[in-house]
Structures are given as structure tokens and as C-alpha cells.
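Enquirer: One structure, pasted below without further comment.
The values are calculated or read from the model by the stated rules, or taken from the named source; none is laboratory data. All of these numbers come straight from a predicted model, not from anything done at the bench. Note that each Cβ is placed from the backbone with ideal geometry, even for glycine, and that neighbours are counted across all protein chains shown.
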Amino acid sequence: MTFSDDEIKERLEKYGTVYLPKEIVETIDDILGNEEIKERLEDFFSSLKKYSEIVEKLKKTKLVPNLTVLLYGPPGTGKTSLTRAYAKKFNIPVCVVESDRLVSALLGDTVKNIRKVVELAANIAEENGAFILFFDEIDAVASERSNVHEVGEIKRAVISFLQIIDKINYFGTPLAIFGATNHQDQLDSAIWRRFTFHLKFDFPDFRLRKAIIESFIKKISDAKIGVDDSILKNLDAEFELINLKAENLKSLMVKDNAIKSLSALWTDKEIIENGGVLYTTKGYTGADLERGIRVALFKALKNDVLTYENFLRSLELVGGTKIHVEQQYYLSATKRMNSNNKNFIKRGKENLQMPREI
């Protein structure tokens, strides 16, 4: 017996939103950048799609793949969108589980909700084939157990989550469990280890921001809305200036220090005085850039044309995500250091490293 699309939605939408492949709007080509992550996800989804065909052979090797992926990094960098895009390409349904529907004030209900949603998704995968359960803001139910600020309910939720992941993997169910978080430093270390793939999303650098902006401008032009030629001309000129200085900086430093030292670009007097779109959007995510475009569209629709000045002011208005991430990061770090959380310190520099952009 297989589950119909309506049955899947009816039973799982208590915990989140179900996206059937035919309903997903995003395509992989719509999401620019993150080429290395895309390569990893391509491999993962290819294996997941044919998992049911090869699982018995894999079991004999005692090396059954752990179908788990952790996506981490600042909000708005494409974690959920890219997963949906691959689900569409490989024709695999996905349920995005929302943390506020799992966490309950009633003792024991959080653990019950976690078990119910995973077991239901596992049943669907066993009957219908490959299925994806995507836990958004997974840190809400899988935070560090040794943190003195955590209550017993969350500690029990972490243990339950660990047990049920192990069970899914042991029986070779074609259920992929994805976790997404903006606070990877808060994840329990055992949860971190249960995920096979750790894919880090960063802020787009100035090259990628240029490509994203150009793609949005093209969409506006294709919609027959006027776009002033000065937008792309100024963008190209600013890019040439920043790229030239970036190449000059690279030639003066060893490779290992290149990324760190390129932050000096944004203190360059000429770049600051130019004050263009790429300088303004340092620390912006793709989602921030899209919000800026949407704000600018109101002016464009009113005046029948999108001008460079209105576009730049709209981007300044929406602001970037990085400053908020930095505030949350340092607040979290200070709070945990003060609680003498040894596991937090031990976790590793990669987990705690601030997202970067250049």
C-alpha cells in the first residue's frame, strides 16, 4: 500500500509543510553559487533515489550509508531553497519540519512529536520510496545537553533524536534526514556526529553578489519593466575596481591568508568613496539582495523605470544579515563561555567559525 499525495500532506502537515516535486518552484539553476555544495548534494540525491535498489547489497558490506545532511550557516543563504530544488530535480517529496510545531511546554510532548514525525516519514519512505524530512532550525530540538541553561525536556529530546536516527540507519529505510541551523555552535556534539555531510553556507562574496544582482535585473527586464542602463554600467565599473584591488592583494600574500586579508578591501579608501552597490551589500545574503530588489520595484513601477539611485537606496534600506549574525554569535559565545561549557570550547574551530564574505 502506498500513500497518496493527499494522505502524505494530511498526515505530515501537522508538523510542517510538505512540498511535492511538482509543486516546487525553485530550480538548481535559480540558485547561484555554492558549487561545491551542489556537487555533494548531487551525489547524495543520486544515491538516495536508487537507495532501495542497492540497500540489500550495501547491508552485506556493513557500510550502509547514513542518510543525513547538516546544512549550516547564516539565514538567507539558500539552505532550504537548494534542498527543495534538488528534491524537484530527483522527484522526491520533502517535508520541512518547523521547530515550533515540535517543541511543547507540556512535559514529554516534544519527545513524542519528534518520534511521531520521524516514524511517520519512515513509513511513507518504506511504502513510497525515497523521502526527505528537513528539520528547520534543528538547534531548537538538538541543542547541547551539557549547557547548564538547557532544561530536562530538551535533553530528553536530544536523546530521542539520536535514538531514532540510529534506528532509521540500522534498518536501511530510504528516509533522508536533513537538519538546517543558523547556530551550529549550539548543536549537541552527538547530534553533530550523527550527520554524515556537514555543508557550510557562507555569505556570497562580491563576485557572486554581482552575478545574483545581474540575474535579478534580467528578470525585471524580461518582465518589460524599465531598467536604467546606468545600473549595470556602474556595477561593472565597481566590480573592475574591487576585483583589481583583490588581485593585487592576493599577489602580496600567501594563499592561506588570502581570504582573511581580503577583508582589507572594505577599508580601501577608493572603494569606500566609490560607495557602489557591491560595497553597500557586503554582508548581504541572496535573500537580502532579493528583498532590496523587491523594495526597488515599488519605485520602478511608480516611475516606469528602475534607476541606479533608487536601487542603491533600496539596498541600503533593507540592510544585510551579517551584522545580526555577528551580534547573535558573540552573545551566544559569551553566554556559553561564562557557563564553563567545556564541550562548547572543545567542539572545534570549524563549528564556531564566523561565516565569511569578501
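Enquirer: Which residues, taken from the range 44-84, are closer than 30 Å to F203 by Cα and loosely packed, with under 15 Cβ neighbours inside 10 Å?
Expert: Matches in the range 44-84: S46 only.
Enquirer: Could you list, in sequence order, all residues of the range 116-134 that are of a type outside the set (A, V, I, L, M, F, W, C) and either modelled with pLDDT under 90 or over 14 Å from K14 (Cβ atoms) (or both)?
Expert: N123, E126, E127, N128, G129
Residues checked against (1) under 19 Å from the mean Cα position of the chain (by Cα); (2) modelled with pLDDT under 60; (3) β-branched (V, I, T):
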residue: A258; (1), (2), (3): no, yes, no
residue: D288; (1), (2), (3): yes, no, no
residue: V325; (1), (2), (3): yes, no, yes
residue: A333; (1), (2), (3): no, yes, no
residue: E350; (1), (2), (3): yes, yes, no
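Enquirer: Still on this model: Any chance the range 19-40 includes a residue that's exposed (fewer than 14 other Cβ atoms within 10 Å of the Cβ) and assigned to a loop (DSSP other than H, G, I, E, B)?
Expert: Yes - at least one qualifying residue is present in the range 19-40.
Enquirer: Right, another one. Within the range 138-160, how many residues are crowded, with 17+ Cβ neighbours inside 10 Å and at pLDDT 80 or above?
Expert: Final tally of qualifying residues: 2.
Enquirer: May I pose another question? Assigned to a helix (DSSP H, G or I), assigned by TED's automatic domain parsing to the domain that holds T77, of a type in the set (D, E) and out of contact with any Pro (no Cβ under 7 Å at 6 or more places or on another chain), is that true of D236?
Expert: No, not satisfied.
Quick grid of which residues meet (1) touching a strand residue (DSSP E or B) at 6+ places or on another chain (Cβ under 7 Å); (2) farther than 28 Å from Y170 by Cβ; (3) touching a residue at least 24 places away in the same chain (Cβ under 8 Å):
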position: S46; (1), (2), (3): no, no, yes
position: S52; (1), (2), (3): no, no, yes
position: K62; (1), (2), (3): no, no, no
position: L67; (1), (2), (3): yes, no, yes
position: L70; (1), (2), (3): yes, no, yes
position: P74; (1), (2), (3): no, yes, yes
position: T77; (1), (2), (3): no, yes, yes
position: S81; (1), (2), (3): no, yes, yes
